[in-house]
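Heads up: the structure comes next, in structure tokens.
The values are calculated or read from the model by the stated rules, or taken from the named source; none is laboratory data. What you are looking at is a predicted structure, and each value in this text was computed from that prediction instead of being measured. Here Cβ is always computed from backbone atoms with ideal geometry, including for glycine, and neighbour counts include all displayed protein chains. Note: accessible area is taken over every heavy atom of the protein model, side chains too, but ligands, DNA and RNA are not part of it. Shrake-Rupley method; radii C 1.70, N 1.55, O 1.52, S 1.80 Å.
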Amino acid sequence: MIRFEGVHKWFDKLHVLNNINLHVRSGEVVVVCGPSGSGKSTLIRTINDLEPINEGKLLVDGKDLSDKKTDINKMRAEIGFVFQQFNLYPHLTVLRNITLATMKIRNLSRKDAEEQAMTLLKRVGLPEKRDAYPSQLSGGQQQRVAIARGLAMKPKIMLFDEPTSALDPEMIGEVLQVMKDLALSGMTMIVVSHEMGFAREVSHRIIFMDFGTILEEAPPEEFFKNPQHDRAKQFLKQILSPMH
Amino acid sequence: MLSYKFDWAIVTSGKYFDWIVSGFYVTIKLSAVSIALSFMLGLIIAIMRMSHFRPVRWFAHGYLEFFRNTPLLVQIFFWYFGSYKVLPAVANDWLVKQDFEFAAAVIALTIYTSAFIAEDIRSGVRSIPKEQMEAARSSGFSYLRSMQFIILPQAVRLTIPPLINQFLNLMKNSSLAMTIGVAELMYQARQVESYTFKGFEAFSAATLVYVAISFTITGLMTLYDKKVLQPLKGR
């Protein structure tokens, strides 16, 4: 579904992605973790071309992103992206946030788009918020709406860029639950996150990155029990018991 | 001793009152048409100014600098006395049959004001967090459609206060159209003065009408801001 072949990316002199090789299969749930500045956000942002790559090859659903013939807007419509800061459209109601792209890009009628949006709002547990504006919702609620907005396009892939990092602790659970349900439904997901409970329980594979390189790539049991790389060990120690 | 005898009746009833009223209508029409057109043109120039395509950006920049830095009166005279000289005879024959004074005034006011509006809208767009554009693009919207549905609707809301200023300026500037014979409010007040020598009354009446129009524009925009925009603003 997604294939990185020797991908490099620089921000000026900073080598943010260094020879990335990665293959994510359809239906797979991959969690990407690593210290801040390790390149993990950049990694998933390259998948929908929010960050173009400088070198190598990146194939998404069989299409080469660097190929001029690839219609990038069409590509992006197939990929849901959930941001750390939610990025809902503040001037639109919850319902309009979800129906905007389905009406304008998928050309659904207003009635169909709204019906579909309501189904999704029920799925994320917020049907009563349809007419609220984003500023009237809590962070957890905004993030659930953002997930519904992504799902409305019936994407083949969902990308999550630290979806719970901006949330108060008591709201993290509700968002992870929605993501877990989504994973169980068979969605292909790449999740940049430090939520190790989620990674352990839901993911098929954990990727550990540092300095723009993939240092470790393993199923969760293996990663947690027996991390190979020193930096991965240190990272796990810090994140699982931050006081020590 | 003040020897001047006030005669307010001439501007509150009768023929001269009718002149003032007809001037009022022309001012409203001239302002309304120019406001609508300058807003649309301002939007287009603002978008061009932010284009990733360099020649388009430069063109918009040149446009802005050129029209912001020439007096409106010069522009009005240019369109009225200058522009038709380079047109073919057929076009001129057609123009003469139209209300060319009015059209020239609209063109000058529109182009002049659009330069200012474009800059206001651009600064509104720049204050929208870049993540909004990213969210829109990641849904599959093109750059222009992201602008249309997500960025500009938010930016224009932020731009309401400076837009009120531009619309008020445009309305007041429309009085310059009298110099090419558009029978707007100022032109009519001048006429009343010429016929009656009651300059104080005539220009007081014009002043009051201008103030009334200004208050109406401000009131409408503020109401719009309060009823429609404020409820949408973030925390």
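Within region A:165-244, all pairs of alpha-carbon atoms sorted by distance into 5 Å bins from zero give the percentages 3, 13, 23, 24, 19, 14, 4, 0. Sorting A:222, A:78, A:170, A:216 by solvent-accessible area of protein heavy atoms yields A:170, A:222, A:78, A:216, largest first, with a 1.4 Å probe. Say the dipole of chain B comes from +1 at the beta carbon of Lys and Arg and -1 at that of Asp and Glu; which of B:30, B:158, B:84 then lies farthest toward its positive end? Farthest towards the positive pole: B:158. Derived from the Cα gyration tensor, the three semi-axes of the equivalent ellipsoid of region B:24-121 are 26, 17, 12 Å, largest first. Overall, the anisotropy analysis places chain A in the oblate class: the square-rooted eigenvalues a ≥ b ≥ c of its C-alpha gyration tensor yield a/c not less than 1.5, with a/b not exceeding b/c. In summary, region B:9-234 shows an alpha-carbon radius of gyration equal to 1.19 times the 2.2 N^0.38 Å reference for compact globular proteins. Counting Cβ atoms of other protein chains within 10 Å of each Cβ in B:126-137 and taking the mean gives 4. Computed over the protein assembly as shown, the alpha-carbon pair-distance distribution with 20 angstrom bins reads 20, 39, 25, 13, 3, 0, each value a whole percent. Rounded to the nearest 20, the Cβ-based charge dipole of region B:9-234 about its Cα centre (Lys and Arg +1, Asp and Glu -1) stands at 680 debye.
Where both bridge residues fall in the protein assembly as shown, DSSP classifies roughly 55% of the beta bridges as antiparallel. Our coupling estimate for region A:186-191, obtained by passing each phi through the Karplus curve with A = 6.51, B = -1.76, C = 1.60 and θ = phi - 60°, is x, 5, 6, 9, 10, 10 Hz, Gly and Pro reported as x.
Peptide B:84-92 is shielded by partner chain Cβ atoms: per residue, an average of 0 of them sit within 10 Å of its Cβ.
Here is the tail figure for region A:8-77: Cα pairs spaced more than 21 Å apart come to 26 percent of all pairs. For residue B:29, a cut-off of 23 angstrom between C-alpha atoms picks up these lysines, skipping any fewer than 8 places away in its own chain: B:15, B:97, B:172.
Computed in the context of the full set of protein chains, the accessible area of region B:9-234 at 1.4 Å probe radius has 68% of its extent on carbon or sulfur.
How big is Rg to Rh over region B:156-235, alpha-carbon atoms, Rh as the Kirkwood inverse-mean-distance radius? Checking Rg against Rh, the ratio lands at 1.17. Looking at the square roots a ≥ b ≥ c of the eigenvalues of the Cα gyration tensor of region B:92-181, which shape do they give, rounded for a/c under 1.5, prolate if a/b is larger than b/c, or oblate? Here region B:92-181 falls in the oblate category. Screening chain B for DSSP H helices whose Cα atoms reach 24 Å or more along their own axis and whose mean Kyte hydropathy is at least 1.0 gives B:14-49, B:199-224. Considering only B:67, B:200, B:167, the Gaussian network model of chain B with Cα springs below 10 Å gives its largest mean-square fluctuation to B:200. When each of the peptides A:193-201, B:19-27, B:117-125 is scored by the mean number of other C-beta atoms lying within 10 Å of its residues, the order from highest to lowest reads B:117-125, B:19-27, A:193-201. Considering only DSSP beta bridges where both residues belong to region A:136-218, give the percentage that are antiparallel (nearest 5). Once the DSSP bridges in region A:136-218 are tallied, antiparallel ones form about 50 percent. Remark: mean inter-chain Cβ contacts per residue of A:85-93 equal 6, using a 10 Å Cβ-Cβ cutoff to other protein chain atoms. With the simple model of a label 7 Å out from the Cα in the direction of the Cβ, residue B:70 to residue B:44 spans 1.8 nm. The peptide list B:43-49, A:61-67, put in order of mean Cβ contacts within 10 Å with the highest first, becomes B:43-49, A:61-67. Per residue, the protein assembly as shown reaches -17000 deg cm²/dmol at 222 nm when only DSSP H runs of four or more residues are counted, each adding -39500 (n - 2.57).
Among the trypsin sites (Lys or Arg not before Pro) in region A:16-59, those located in a DSSP loop and surrounded by at most 15 other Cβ atoms within 10 Å of their own Cβ are A:25.
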